[in-house]
1. Return the only residue of A:VAL292, A:VAL318 being at pLDDT 95 or above and more than 14 Å from chain B (Cβ to nearest Cβ).
2. Inside region A:238-280, can you point out the residues that are more than 9 Å from chain B (Cβ to nearest Cβ), of a type outside the set (Val, Ile, Thr) and part of a loop (DSSP other than H, G, I, E, B)?
3. Six or more apart or on different chains, Cβ atoms under 6 Å: show the pairs whose first residue is in region A:5-19 and in a loop (DSSP other than H, G, I, E, B) and whose second is loosely packed, with under 14 Cβ neighbours inside 10 Å.
4. Taking the stated definitions as given, is B:ASP48 in a helix (DSSP H, G or I) and at negative phi?
5. Name the residue that is surrounded by the most Cβ atoms within 10 Å (Cβ to Cβ), counting only residues in region B:1-28 that are over 21 Å from B:PRO204 (Cα atoms) and basic (Lys, Arg).
6. Kindly establish whether B:PRO155 is of a type outside the set (Lys, Arg) and at pLDDT 95 or above.
7. Looking only at region A:81-97, decide whether some residue is out of contact with any Gly (no Cβ under 8 Å at 6 or more places or on another chain) and aromatic (Phe, Trp, Tyr).
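The values are calculated or read from the model by the stated rules, or taken from the named source; none is laboratory data. Keep in mind that this is a model prediction, so the values were computed, not measured. Note: ideal-geometry Cβ built from the backbone for every residue, glycine included; neighbour counts use all protein chains shown.
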There are 2 protein chains.
Amino acid sequence: MRLAAFRAVGDAVGARRVGLVIGVGADSRVHPFPRGTDMVGLLAADPDVRDAAADAAAAGDGHPLAEVVLLPPVYPVAMRDFLTFEAHVAGASMAIQGAATVPPEWYAAPSFLFMAPHAVHGPYDDVAMPPDTERLDFELELAAVICADVRNATPERAAAAIGGYFVMNDWSARDVQGREMKLGLGPSKGKDFATTIGPWVVTPDELSRYRDGDGLLDLAMTVSVNGEQVGADRSGSMSWSFEEMVSYASRGSWVKAGEVLASGTCGTGALVETWGRTGALYPPPLRVGDVVEMAIEGLGVIRNQVVAGTEVAPPIPVARRRLPQEV
Amino acid sequence: MRLAAFRAVGDAVGARRVGLVIGVGADSRVHPFPRGTDMVGLLAADPDVRDAAADAAAAGDGHPLAEVVLLPPVYPVAMRDFLTFEAHVAGASMAIQGAATVPPEWYAAPSFLFMAPHAVHGPYDDVAMPPDTERLDFELELAAVICADVRNATPERAAAAIGGYFVMNDWSARDVQGREMKLGLGPSKGKDFATTIGPWVVTPDELSRYRDGDGLLDLAMTVSVNGEQVGADRSGSMSWSFEEMVSYASRGSWVKAGEVLASGTCGTGALVETWGRTGALYPPPLRVGDVVEMAIEGLGVIRNQVVAGTEVAPPIPVARRRLPQEV
């Protein structure tokens with residue numbers, strides 16, 4: 001089942017409805033559920049109940065895809081971004097440290113960080129150039145939304161808490177992020193401006209044919225800039241399954257309904273990897289006008305254009321010095 | 001005004017009410033607002049409206065403090081932890097790198113990370129020893145709750161979005177955190193088990209007499225373990241004001257009502273600083289039975305005992321290797 005959040009042409013700007021997506025490509029239609037239907041609640045519903053609701057929605061006319069605005073499928077109550085692609089860890093360390101080494105700590109557990117939850121963008125929204133960066137980059141990721149609170153869940157129990165999957169672009173200002181990481185912080189403000197998720201939620205039952213022998217989803221992933229493919233990998237290259245990621249995150253902690261967990265960047269899924277390998281800023285950092293398109297097999301396509309920022313940001317406040325300075 | 005979230009003895013376990021705290025020390029009483037009153041909504045209300053509501057609440061009998069369970073004053077929609085105490089940055093770098101150096105990037109902006117939003121504990125709740133750590137530590141911090149959505153706010157506009165302040169203990173498993181930081185992530189799972197906030201929200205107008213010449217809140221901060229003081233600083237040692245922190249966070253991003261922003265650890269506000277300075281694990285990492293008490297002038301006291309963890313965590317899943325291994 002594919003479930004989209006949308007507003008129809010003519011709806012008020014803040015409107016938000018949930019609909020069933022039926023059809024292929026440009027012929028797809030979005031069939032609304034009754035007003036007030038909550039995406040996470042629908043994902044958590046008993047399959048029979050959800051199927052009946054979908055049958056009722058499908059009986060209506062629906063809207064052609066071209067006549068709706070797709071919204072972020074969920075507004076996350078928290079976001080955890082993992083680091084599950086060994087090739088990306090090796091590639092990024094090339095960029096940061098000049099050698100493609102994977103620290104032994106990486107193999108021991110599916111580590112993650114908490115990221116900005118309020119910057120989600122819809123699948124075809126424009127993305128404004130953020131302040132302070134000359135190194136705008138993308139990150140191609142697979143993401144899942146949680147539909148039930150879990151704690152100390154085995155991977156088997158975690159499976160039941162995964163409501164569905166979508167494509168994610170974790171937009172990154174590499175220069176801002178680099179300054180934060182020198183302080184022992186993960187990237188924070190360097191990603192706190194846009195995270196694209198969509199185009200809709202695909203429920204796990206739709207994806208069972210893509211499971212590999214280890215139970216991991218094995219989906220082709222590609223990213224292009226202005227129509228030219230610049231990165232590709234398969235989600236089967238992840239070193240942990242989403243069920244294992246949820247299980248680890250839930251050790252001694254709550255993983256809550258409405259959270260989004262993401263795979264981290266796949267191999268070649270970000271320009272910074274190429275910059276690290278070649279030592280040159282080529283392909284160049286994203287510029288105003290660039291269109292970044294990401295596709296994941298079975299999930300769909302997200303596509304965003306970088307546009308000029310029009311906001312006026314206040315000045316950055318510098319530190320008051322409190323310690324005696326060395327001479 | 002001091003505003004507490006609480007449930008009274010006899011209330012159902014999930015009950016949550018908001019009350020006005022009146023009185024001093026053990027003679028304090030909590031006077032409930034009408035059921036359904038929302039803490040963040042009350043903080044955002046026009047001062048006249050809030051004052052009238054407080055007058056009505058104060059007219060009732062209220063509950064003696066000893067007869068209520070204080071709850072986390074807010075369940076954050078996101079948490080940002082800053083790094084505003086120069087002395088702590090120098091001290092922590094001593095622990096991590098063996099030299100008390102503050103990177104130049106630190107002075108350029110009030111950097112922060114996103115942290116676990118679902119691990120908040122009430123001011124006197126027990127804290128269960130998390131899995132996988134032999135280096136449990138505390139962090140003494142001052143925190144603020146946001147009561148209005150802001151974006152690209154000047155410090156002046158940010159001031160109006162700060163609903164109030166409270167004490168925060170950012171409990172930290174230093175060994176877990178150390179492994180994450182080797183991967184270029186900030187501390188994430190290493191803090192994803194407990195964050196104490198409380199004892200209640202103190203509104204900014206109550207604290208105006210503590211503003212220093214630069215407009216920063218200058219409050220005495222202390223932390224003790226088992227009754228013995230182990231750290232102390234003043235919030236006037238912060239290198240940025242909360243208004244500046246909100247302003248920076250809001251550059252090109254939403255800072256939303258219900259978010260919590262924290263100062264980061266004050267100087268000597270964590271054992272790891274002493275461990276770094278002396279090279280010895282003394283005072284020792286926290287153990288089951290230890291009581292950590294934190295006090296901030298004008299805000300109150302939080303006090304938590306470390307208790308044995310009783311949960312059974314699932315095994316940690318290790319990585320599937322995907323890259324050719326070096327021989």
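1. A:VAL292 is the lone residue from the list that is at pLDDT 95 or above and more than 14 Å from chain B (Cβ to nearest Cβ).
2. A:ALA257, A:GLY258, A:SER263, A:GLY264, A:CYS266, A:GLY269, A:ALA270, A:GLY279, A:ALA280 - these are the residues of region A:238-280 that are more than 9 Å from chain B (Cβ to nearest Cβ), of a type outside the set (Val, Ile, Thr) and part of a loop (DSSP other than H, G, I, E, B).
3. A:VAL9/A:GLU67
4. Working: in a helix (DSSP H, G or I): yes; at negative phi: yes.
In short, yes.
5. B:ARG17
6. yes
7. no
Per-residue answers, yes or no, for (1) more than 17 Å from A:LEU217 (Cβ to Cβ); (2) among the aliphatic types (A, V, I, L, M); (3) buried (at least 20 other Cβ atoms within 10 Å of the Cβ):
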residue	(1), (2), (3)
A:VAL260	no, yes, yes
A:SER263	no, no, yes
A:LEU271	yes, yes, yes
A:ILE296	no, yes, yes
A:LEU299	no, yes, yes
A:THR310	yes, no, no
